[in-house]
Amino acid sequence: MDGREIVELCKQHTLYTWKATAKTDPIPIVSADGIYLTAADGTRILDWNSQLMSVNIGHNHPKVKQAIIDQVEKLAFVAPPFATEIRARLSQKLAEICPGDLNTFFFTNAGAEANENAIRAARLYTGKHKIISRYRSYHGATNLTMSLTGDPRRWPNEPGPPGHVRVMDPWPYHYSFGDDEEAITQANLTYLEEVIMYEGPQTIAAMIVEPVTGTNGVLIPPRGYLKGLRDLLDKYDILMICDEVMAGFGRTGKLFSFMHDDIIPDLVCMAKGLTSSYLPLGAVGMRDKIGKYFQDHVFWGGLTYNSHPMGCAAALANIEVLLEEKLIENAAKLEPVMKAEMQKLKEAHPSFRAGRAIGLFGIIELQKNKQGEPMAPYNSSSPGMDAVAKCFQEQGLFTFVRWFSFFCNPPLCITEEQLKEGFAICDKALTVADGFVET
């Protein structure tokens with residue numbers, strides 16, 4: 001098929017997500033390698049977002065492809081009640097690399113299912129039903145995980161199931177509390193403790209957080225926040241669930257982003273970078289106290305493709321690539337380069353509002369005036385942001401342009417030279433954005 005036919009048939013017979021299908025204008029992609037995609041017309045596109053912040057090792061890695069081929073020739077599928085060698089090897093590897101006593105794993109098909117089954121496990125283990133989550137969060141598109149989600153994608157999916165309590169994040173959206181991160185942490189934890197009092201700790205099973213918030217702003221927690229949150233939840237016998245679906249597997253320069261604060265959650269949810277999206281697979285990791293509970297108590301959940309052999313094979317090979325090629329270390333090494341490139345853009349462009357990065361997890365916010373007013377309002381776009389998105393497409397760079405921000409999340413195999421190549425395109429896009437700044 002040519003590109004036009006691919007697009008027409010996809011739009012005619014499939015639905016696209018988060019947008020009316022008739023209004024989508026997808027780029028037909030025919031191949032990918034390393035940090036680049038190739039469109040049907042031969043155009044090479046820099047993957048500045050690792051697709052959905054998920055192709056951590058880069059595209060078309062021969063070791064992962066070969067592992068999938070080997071597994072399909074050996075055993076393509078067997079139902080979850082059976083035991084397989086690849087299931088055994090992957091769970092053993094995860095227990096080996098995960099910190100603390102995160103030694104038991106329940107495999108799912110994706111991140112939303114991992115979060116959903118973490119909630120199920122928390123409720124079954126504690127006998128309590130309420131779940132706390134934060135407004136500036138995204139936890140998935142199932143009915144339950146949409147109720148956990150705070151961002152506006154939740155609204156069209158309401159009403160959701162009962163038992164969900166949403167709270168403010170330590171970083172407010174519209175206001176600044178200054179630069180004293182310890183004070184910001186203490187203020188938020190004091191507020192959270194009051195919410196726990198109002199809701200009744202005896203009714204709260206768990207709190208789920210993205211340790212580094214993803215699509216809602218790459219929000220790095222203020223100093224001491226995760227440790228303080230861990231202590232507060234322990235005080236009231238509330239489980240801590242870390243949603244590492246986006247930030248996990250090296251994205252932040254650590255295996256998991258919660259490791260920057262030296263804590264161990266009770267449950268950790270993973271997907272995306274678990275297989276670098278070569279095949280679908282998610283997982284819930286749980287501490288020994290929870291894993292041992294389900295040795296003697298039924299886990300009332302299941303999936304046809306739980307522990308799918310091919311997904312497990314892709315994950316095991318992907319983890320080996322991450323470790324052998326030191327891609328987690330590469331993300332940490334390139335963090336100061338990314339921050340330096342952001343600083344250059346800030347000094348050169350009046351449209352630059354803010355930039356944040358941890359590892360190779362980055363975002364740039366744009367402003368429409370020197371007072372710092374966002375270039376687009378909450379949950380909306382603007383002519384300026386539309387022009388930025390158009391510039392990226394014309395310059396051969398793929399990333400998410402969302403509200404008044406765009407993301408900088410390339411595959412972890414990127415080199416310093418390639419990283420600067422991407423920021424050179426960002427420089428051109430900000431030059432376009434500067435034309436929309438009010439004088």
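The set of residues from the range 290-347 being farther than 23 Å from Ile241 by Cα, among the small types (Gly, Ala, Ser) and touching a Phe, Trp or Tyr at 6+ places or on another chain (Cβ under 7 Å) comprises just one member, Ala314.
Residues checked against (1) closer than 30 Å to Tyr293 by Cβ; (2) in contact (Cβ under 8 Å) with a residue 40 or more places away in the chain:
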| position | (1), (2) |
| --- | --- |
| Leu148 | yes, yes |
| Gly163 | yes, no |
| Met168 | no, no |
| Tyr173 | no, yes |
| Thr185 | no, yes |
| Val212 | yes, yes |
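Considering the range 1-60, the qualifying strands (runs of 3 or more DSSP E), each wholly inside and each with 1 or more residues that are out of contact with any helix residue (DSSP H, G or I) (no Cβ under 9 Å at 6 or more places or on another chain) and basic (Lys, Arg), run over 44-47. Pairs meeting the criteria (first residue in the range 229-246 and more than 19 Å from Gln202 (Cβ to Cβ), second residue among the β-branched types (Val, Ile, Thr) and assigned to a loop (DSSP other than H, G, I, E, B), beta carbons under 7 Å, at least 6 apart or on different chains) are Arg230/Ile263.
In the range 173-180, the condition of being buried (at least 16 other Cβ atoms within 10 Å of the Cβ) and not polar (S, T, N, Q) is met by no residue. Looking only at residues in the range 189-206 that are in a helix (DSSP H, G or I) and in contact with a helix residue (DSSP H, G or I) (Cβ under 7 Å, 6 or more places away or on another chain), the one that is nearest to Leu229 (Cα to Cα) is Leu189.
With the requirement that a residue be without any contact (Cβ under 8 Å) to a residue 40 or more places away in the chain and either crowded, with 17+ Cβ neighbours inside 10 Å or touching a strand residue (DSSP E or B) at 6+ places or on another chain (Cβ under 9 Å) (or both), what does the range 47-65 give you?
As a first pass, look at the range 47-65 and keep what is without any contact (Cβ under 8 Å) to a residue 40 or more places away in the chain: 60, 62.
Result: Asn60, single match.
In a residue-by-residue description of the range 74-89, the property of being over 25 Å from Met197 (Cβ atoms), in contact (Cβ under 8 Å) with a residue 24 or more places away in the chain and among the acidic types (Asp, Glu) applies to no position. Within the range 393-415, the set of residues being free of Cβ contacts under 8 Å to residues at least 40 places away in the same chain and surrounded by 18 or more Cβ atoms within 10 Å (Cβ to Cβ) comprises Val401, Trp403. In the range 119-141, which residues are under 16 Å from the mean Cα position of the chain (by Cα) and either over 16 Å from Leu267 (Cα atoms) or not in a loop (DSSP other than H, G, I, E, B) (or both)? Result: Ser133, Arg134, Tyr135, Arg136, Ser137, Tyr138, Gly140, Ala141. For Glu116, the criteria (1) surrounded by fewer than 16 Cβ atoms within 10 Å (Cβ to Cβ); (2) of a type outside the set (S, T, N, Q); (3) within 21 Å of the chain's Cα centre (by Cα) hold in every case but one, which is (1). Checking each residue of the range 141-154 against the condition of being outside the structural domain of Ala20 (by TED's automatic domain parsing) and either at positive phi or in contact with a Cys (Cβ under 8 Å, 6 or more places away or on another chain) (or both) gives no match. For the range 232-259, the set of residues classified as at negative phi and over 16 Å from the mean Cα position of the chain (by Cα) consists of Leu232, Leu233, Asp234, Lys235, Tyr236, Ile238, Leu239, Met240, listed by residue number.
Among the criteria (1) surrounded by 13 or more Cβ atoms within 10 Å (Cβ to Cβ); (2) touching a strand residue (DSSP E or B) at 6+ places or on another chain (Cβ under 9 Å); (3) of a type outside the set (A, V, I, L, M), the one Arg44 does not fulfil is (1). Tallying residues that are loosely packed, with under 15 Cβ neighbours inside 10 Å and in contact with a helix residue (DSSP H, G or I) (Cβ under 8 Å, 6 or more places away or on another chain) within the range 76-100 yields 5.
Check Thr431, Thr399, Thr415 and return the single one that is among the β-branched types (Val, Ile, Thr) and under 19 Å from the mean Cα position of the chain (by Cα).
Details: Thr431 fails: under 19 Å from the mean Cα position of the chain (by Cα); Thr415 fails: under 19 Å from the mean Cα position of the chain (by Cα).
Exactly one residue qualifies, and that residue is Thr399.
The values are calculated or read from the model by the stated rules, or taken from the named source; none is laboratory data. Here the structure is a predicted model, which means the values were calculated and not measured. Note: ideal-geometry Cβ built from the backbone for every residue, glycine included; neighbour counts use all protein chains shown.
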